[in-house]
Amino acid sequence: MRVKKERIEKDLKDLARHSADTGGKGITRLPFTPEDEACRKEIIEKFEEAGLKVYTDGIGNIFGRREGANPELPPVMIGSHLDTVINAGIFDGPAGVVAGLEVCRTLNDLSIKTERSIEVANFVIEESTAFGKSCIGSRAIAGVLDYDELAELKDKSGRSLQDAFKEHGVTKKEIEDTRREKGSIDSYIELHIEQSDNLIKAEKPVGIVTAIAAATRFKVTITGQASHSGATPMDERKDALCAAAEIILGIENIAAEEAGKDTVGTVGNVVVKPGAINVVPGEAELAVDLRDINKQDKNRATEKIIGLIDNVGQKRNVRAEYVITASDTPVPASTRVLDTIKEAADTIAIPHLVMHSAAAHDAAYIAEVADMGMIFIRSYGGSHNPDEWAEFEDVAAAVEVLLEAAINLSSAK
């Protein structure tokens with residue numbers, strides 16, 4: 001291999017040192033925290049050590065640029081994120097940034113001058129953990145970030161994302177100026193650990209992504225009647241929680257049996273009021289996450305869920321209302337970039353699985369302005385937990401594929 005496994009491992013372990021102490025296992029690095037700032041500083045230092053020209057855009061995305069022979073051409077971009085969920089592993093996000101850095105260092109080692117410049121990106125606030133919305137930095141680049149909405153996105157302390165940006169000198173104009181024109185980036189590749197076990201089952205170290213699934217999200221509010229749990233007969237109850245339970249199981253059935261083969265549906269949060277053992281619940285609130293890589297299947301499942309909510313409300317004599325809080329469109333990989341990555345893996349004989357991504361990534365938004373592709377690394381223990389793990393041999397194999405693809409894309413005039 002041309003890339004250096006030991007160098008990649010050191011980088012990831014260096015970055016993992018920047019973590020809040022949550023009293024649990026894993027890494028916690030939320031945006032605008034001292035550990036986040038320290039990690040950003042370290043990646044800038046690593047970019048500069050590799051001879052990259054570093055700049056930061058209006059919203060705080062960091063870029064390291066390796067100049068090409070023809071710097072006027074739109075660059076090839078490689079990127080991901082450094083922020084994490086609470087008690088995360090060391091790979092989700094940072095592996096993609098380190099991969100881009102390693103590509104540039106390897107090109108330096110081999111004295112390869114590419115025609116196009118290569119830029120390594122760290123996008124801000126990819127995880128929704130802190131403020132409830134993901135891919136903030138890449139949305140800004142795509143021009144689809146609503147500044148006014150940022151005032152409604154709040155962390156656990158009640159601070160809005162809009163206020164957090166203001167505290168760091170980021171204004172509405174700077175966010176708007178972050179937007180890039182379509183074609184200003186030639187192509188974009190994101191390397192990321194797989195967040196499921198498809199590569200483990202296939203016994204392959206590398207995945208090549210054909211499409212990124214998108215989510216439709218609902219906030220469902222069920223209003224019944226709070227009443228005494230002992231004195232209210234069963235046939236006179238307006239139990240909001242029982243209605244919620246029926247909706248939850250109905251969503252599971254729609255996703256599993258009535259929608260597409262790749263549809264998944266989750267109710268990830270339930271709030272019950274008043275929440276006392278001796279009171280029939282008068283109100284319940286559900287957070288619903290529906291995902292698919294097929295737009296038509298996702299739309300069909302959405303219609304069925306809406307019908308389910310209405311039917312349960314009528315049958316149980318409760319008021320069941322919903323608000324769709326997000327509805328994104330699945331994003332296919334660019335044929336040009338997808339074929340380039342496949343060819344790269346075949347050329348250097350790295351075993352791989354062609355597959356889709358069920359999780360969202362910055363790549364889905366960068367696809368608005370550039371041809372997009374993704375590479376997955378086999379990961380054990382899933383993701384978003386401290387047990388996530390990728391063997392460094394697998395990481396290096398994926399970066400080797402990335403290197404070959406980046407050479408081919410950046411060599412085009």
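Every number here is computed from the coordinates shown, using simple stated rules; none is lab data. Because the structure is predicted, anything quoted here is derived from the model rather than measured. Ideal geometry is used to build each Cβ from the backbone, glycine not excepted, and the neighbour counts take in all protein chains shown.
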Size of the dipole of the chain about the Cα centre, Lys and Arg at +1 and Asp and Glu at -1 on the beta carbon, nothing else charged, in debye to 20? 280 debye
Add -39500 (n - 2.57) for each DSSP H run of 4 or more in the chain, then divide by its residues: what number comes out at 222 nm, to the nearest 500 deg cm²/dmol? -10500 deg cm²/dmol
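Over 16 Å, how big is the tail of the calculated P(r) for the stretch 214-327, in percent of all Cα pairs?
On the way: 3655 of 6441 pairs.
Counting pairs separated by more than 16 Å, the tail of P(r) holds 57 percent.
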What's the angle, to the nearest 10 degrees (0 to 90), between helix 5-16's Cα axis and the longest principal axis of the chain? 50 degrees
Given (1) 81, 45, 40; (2) 58, 54, 47; (3) 73, 45, 41, which label gives Cα extents along the principal axes in Å as computed from the coordinates? (1)
Longest to shortest principal axis, alpha-carbon extents of the stretch 271-413, angstrom: 66, 34, 22
Residue-span extension gain [residue 72 to residue 1] - 0.36 nm each, minus C-alpha spacing: 22.4 nm
For the charge dipole of the stretch 214-327, defined by +1 on Lys and Arg C-beta atoms and -1 on Asp and Glu C-beta atoms about the Cα centroid, which residue among 308, 264, 322 has the Cα displaced farthest towards the positive pole? 322
Quick one: what Rg and Dmax do you get for the stretch 36-102 from the alpha carbons, in Å? 12.8, 43
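Please give the charge dipole size of the stretch 214-327, origin at the Cα centre, charges +1 on K and R Cβ atoms and -1 on D and E Cβ atoms. Round to the nearest 20 debye. It would help to have the intermediate numbers written out before the result.
Details: 14 positive and 16 negative charges, 44 e Å.
For this selection, approximately 220 debye.
Quick check on the chain: of the DSSP beta bridges with both residues there, what percent are antiparallel, nearest 5%? All intermediate terms of the calculation are to be shown ahead of the outcome.
Numbers: 47 of 67 bridges.
Rounded to the nearest five, the antiparallel share is 70 percent.
Run through the stretch 1-76 and list the GluC sites (Glu not before Pro) located in a DSSP loop whose Cβ has at most 13 other Cβ atoms within 10 Å. Let's see the in-between values first.
Values: sites: 6, 9, 35, 37, 42, 45, 48, 49, 67, 72; in loops: 67, 72.
In loop regions of the stretch 1-76 (DSSP not H, G, I, E or B), the sparsely surrounded GluC sites (Glu not before Pro) are 72.
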Return the long-range amide H neighbours of residue 61 (sequence gap of 5 or more, or a different chain), with a cut-off of under 5 Å between placed amide H atoms. 124
With r defined as the distance between the Cβ atoms of residue 173 and residue 149 and R0 fixed at 22 Å, what FRET efficiency is calculated, to the nearest 0.05? 0.85
What nm distance separates the two modelled labels at residue 354 and residue 198, each placed 7 Å from Cα along Cα→Cβ? 1.2 nm
Mind checking which aspartates and glutamates have their C-alpha under 12 Å from residue 219, skipping anything on the same chain fewer than 8 residues away? 285, 289, 321
Under 5 Å between amide hydrogens, which residues at least 5 positions from residue 325 or on another chain qualify, with H placed 1.01 Å from N in the peptide plane? 217, 218, 219
If you line up the long axis of helix 34-49 against the longest principal axis of the chain, both from Cα atoms, how many degrees apart are they, to the nearest 10? 20 degrees
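Counting only other residues whose beta carbon sits under 14 Å from that of residue 349, what net charge do I get with K and R as +1, D and E as -1? Walk me through the numbers before you get to the answer.
Values: positive: 2, 204, 342; negative: 343, 346, 400, 404.
Once positives and negatives cancel, what remains is -1.
Below 13 angstrom from the Cβ of residue 138, what's the summed charge of the other residues (Lys, Arg +1; Asp, Glu -1)? Numbers along the way, then the final one.
Working: positive: 133, 139, 179, 180; negative: 57, 83, 126, 127, 190, 328, 362, 368.
Every neighbour counted, the sum reads -4.
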Residue-count net charge about residue 268 - beta-carbon cut-off 13 Å; Lys, Arg +1, Asp, Glu -1: 0
To the nearest 10 degrees, the tilt of helix 240-253 (Cα long axis) against the first principal axis of the alpha carbons of the chain is 50 degrees
Starting from the amide H of residue 283, placed 1.01 Å from N in the peptide plane, find each other amide H under 5 Å away whose residue is 5 or more places distant or on another chain. 224, 240, 273
Rank by packing, highest mean first: peptides 162-171, 331-340, with packing defined as the count of other Cβ atoms within 10 Å averaged across residues. 331-340, 162-171
